[in-house]
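Notes to accompany the following structure.
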Amino acid sequence: TRPLVIAIDGPAASGKGTLAKRVAAAYGFAHLDTGSLYRAVGVAVLRAGGDPADPAAAGRAARDLHPEDGILADPDLRTDEAAQAASKVAAVPEVRAALLEFQRRFAEQPPGGAPGAVLDGRDIGTVVCPGADAKLFVTASVEVRADRRLKELQGRGIPAIPSDVLEDMKARDARDSQRAVAPLRPAADAFVLDTSALDADQAYAAAIAHIGSKT
Ligand code: C5P
């Protein structure tokens, strides 16, 4: 029997990552945070002294990436600098093409022989796994998402200016939704979950109810 695949897409700080982790743990499925792949490529370009928006440099870094080697756990991937670099390399078609195979293999043959996989990102339901068994598009207003990011940064002891966080969020939203390849948008058959007025438990309950109806 083929593994079950759950696709969770949405903009930055929508809560999709937290949700994906909880869903994967509840079902005993493997979880792939696909944003970390783009972050790893962005950070690799920065470390090599290159420009993440340069297609040649970004494409090379993506082809050289070995996600199995533990690189996705590097704390440097969690910085805002890495996020901005990720959204630049993510607009390069060669980068997306190079990362596609790893993501599809993860969904088709989840590591550890898990009976299913949860992938979260921007284009899982539309491009990476269009045949996913359940698709969620998790969103929230940009103000709510900027506020969540601000609290998360403060919780990690990182000083941040609220207006800067909001502007960065808007810039990343614009880059992610306006790019030509695999722009951020809900798949036609995705369940849109707006978490603006929901806490993590409420969002989880709504997600589980939808997944249960599909699987
Ligand atoms: O989800 P996260 O914030 O870690 O993603 C970082 C960036 O990687 C996003 O802003 C987006 O540009 C890119 N990304 C993507 N496709 C995915 C996952 C992430 O383009 N499936």
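General observations
- Counting only DSSP beta bridges with both residues in the chain, the antiparallel share comes to about 0 percent.
- Straight Cα distances below 17 angstrom link LYS88 to the lysines LYS170, with same-chain residues fewer than 8 positions distant left out.
- For the chain, calculated [θ]222 nm from helices alone, where every DSSP H run of n ≥ 4 adds -39500 (n - 2.57): -15500 deg cm²/dmol
- Projecting the Cα atoms of ALA207, ALA180, VAL138 onto the charge dipole of the chain (Cβ charges, centred on the Cα centre) puts ALA207 farthest toward the positive pole.
- Length available on full extension from ARG47 to ASP199: 0.36 nm per residue minus the Cα-Cα distance, which gives 51.0 nm.
- Relative contact order of the stretch 1-115, taken over Cα pairs closer than 8 Å and 6 or more residues apart, is 36 percent.
- Summing charges over all other residues whose Cβ lies under 15 Å from the Cβ of PRO162, with Lys and Arg as +1 and Asp and Glu as -1, gives -2.
- Normalised by the number of residues in the chain, the mean separation of alpha-carbon contacts (under 8 Å, six or more apart) gives a relative contact order of 33 percent.
- Cα→Cβ-extended label distance, 7 Å offset, between ALA174 and ASP74, nm: 2.9
- GNM flexibility winner over the chain from THR34, THR195, THR79 (Cα, springs under 10 Å): THR79
- Lys, Arg +1 and Asp, Glu -1 on Cβ, resulting dipole of the stretch 66-215 about Cα centre, debye, nearest 20: 300
- Annotation: amide H of THR139 within the under-5 Å range of LEU193, ASP194, THR195, sequence separation 5 or more or interchain, hydrogens built in the peptide plane.
- Reachable lysines, given that their alpha-carbon falls under 21 Å from the alpha-carbon of LYS21 and they are not under 8 places away in the same chain: LYS135, LYS151, LYS214
We did not get these values from a lab; they are worked out from the coordinates using the rules stated. Quantities reported herein were computed from a predicted structural model and do not represent experimental measurements. Cβ coordinates were reconstructed from backbone atoms using ideal geometry, including for glycine residues, and neighbour counts include every protein chain displayed.
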